[in-house]
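Let me begin by presenting the structure, written as structure tokens, before commenting on it.
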Amino acid sequence: MDKDHWIFVDPGRDSADLYIVNHILPNNILITQDIGLASLVMAKNVHVLSPRGKIYQKESIETALEFRYLSALERRKGNYGKGPRTFTEDDRHRFVTSLCELLSNFEGDSRFASN
């Protein structure tokens, strides 16, 4: 697929997520802050990284999903938190460090060599 290739999906709420789940391959890296999407692709042996540099782990994704559910219940009751904190230079540094860490796991693997 060349860099000018675009994929258009239906405008439905979860259409992009469903496309990703159906087309992502094992050992791909997905960058998302969507914990639900992260949990779905992790079942396909995909590595998931948040924009703030958190590498999602299979051992902790269930807890994150439970926290998301409880937060949604509170919002339905009218209890809103402060929202996400401001994206900082530390977040950017953590992201770069984590991405380099993930990519280094594939260094020397011929399956991922560019042609």
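Coordinate-derived values only; no laboratory data. A quick note: this is a predicted structure, and the numbers were derived from the prediction, not measured. Positions of Cβ are backbone-derived with ideal geometry, glycine not excepted, and every protein chain shown enters the neighbour counts.
Principal-axis analysis of the Cα atoms of the chain puts helix 89-104 at an angle of about 40° to the longest axis.
When Lys and Arg each count +1 and Asp and Glu each count -1, what net charge do the other residues less than 13 Å away from residue 71, Cβ to Cβ, add up to? Don't skip to the answer; put the middle values down first.
On the way: positive: 68, 75, 76, 77, 82; negative: 66, 74.
For residues surrounding residue 71, the net value is +3.
For the pair residue 27 and residue 79, the difference between a 0.36 nm per residue extended length and the Cα-Cα distance amounts to 14.9 nm.
Under a Cβ-Cβ cut-off of 11 Å, what is the net charge of the residues other than residue 81 that fall near it, where Lys and Arg count +1 and Asp and Glu count -1? Before the final figure, lay out each step's value.
Numbers: positive: 75, 82, 85; negative: 74.
Local charge sum for residue 81: +2.
By the count of neighbouring beta-carbon atoms within 10 Å, fewest first, 58, 77, 44, 82 end up ordered 82, 77, 58, 44.
Assuming R0 = 30 Å, what is the FRET efficiency of residue 6 and residue 101, from their Cβ-Cβ distance, to the nearest 0.05? All intermediate terms of the calculation are to be shown ahead of the outcome.
Numbers: r = 30 Å, r/R0 = 1.01.
Given R0 = 30 Å and the Cβ-Cβ separation, E is 0.50.
With both labels modelled 7 Å from their Cα along Cα-to-Cβ, the residue 89 to residue 59 distance reads 3.3 nm. Taking amide H as placed 1.01 Å from N in the peptide plane, residue 48 has its amide H under 5 Å from the amide H of 30, 56, each at least 5 places away in sequence or on another chain. With the convex hull drawn over the C-alpha atoms of the stretch 1-111, the volume per residue is 150 Å³.
Along its first, second and third principal axes, ordered by size, the stretch 46-113 spans 52, 28, 15 Å in Cα coordinates.
Taking other Cβ atoms within 10 Å as a rough exposure proxy, 101, 59 sort from fewest to most as 59, 101. Short-range pairs are left out: with C-alpha atoms under 8 Å and at least six residues apart, the relative contact order of the chain is 21 percent.
When 76, 92 are arranged by Cβ crowding within 10 Å, least crowded first, meaning fewest neighbours, the order is 76, 92.
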